[in-house]
Amino acid sequence: MEEKIVSTEGMVDLVEYIAKNLVDEPDEVKVTCKEGEDGSVVIELTVAKDDMGKVIGKQGRIAKAIRTVVRAASVKSETKYVVEIV
């Protein structure tokens with residue numbers, strides 16, 4: 001059996017690291033993981049209400065960049081990761 005290159009835990013840690021370095025209240029950052037309907041892994045990012053704009057960015061640019069980094073980190077994995085900011 002082949003070992004996965006990128007673990008789900010590693011992806012959660014990556015999203016948490018990025019988010020904590022963007023916000024004013026890093027203690028309020030929470031990242032959870034669940035299975036999506038299509039077999040993908042959904043990573044949910046929750047931040048303080050005041051920090052929501054910093055994570056989303058102007059016209060969603062930072063949110064898009066976070067999703068791009070996660071997609072790039074999971075290229076060799078057979079698992080699809082989806083980042084949702086809630």
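What follows draws every value from the coordinates through simple rules; no lab data is involved. As the structure is a computational prediction, the values presented were derived from the model and not from experiment. FYI the Cβ positions are ideal-geometry reconstructions off the backbone, even for glycines, and counts take in every protein chain you see.
Things to note:
- Of all DSSP beta bridges in the chain, antiparallel share, percent nearest 5: 55
- For the chain, applying the loop criterion from DSSP together with a ceiling of 14 other beta carbons within 10 Å to the GluC sites (Glu not before Pro) yields Glu2, Glu3, Glu37, Glu78.
- Formal net charge of residues neighbouring Arg67 (Cβ-Cβ distance under 14 Å; K, R +1; D, E -1): +2
- Distance violations [Cα-Cα > 21 Å] among Lys20/Lys64; Lys20/Lys49; Lys34/Lys80; Lys30/Lys76; Lys34/Lys58: Lys30/Lys76; Lys34/Lys58
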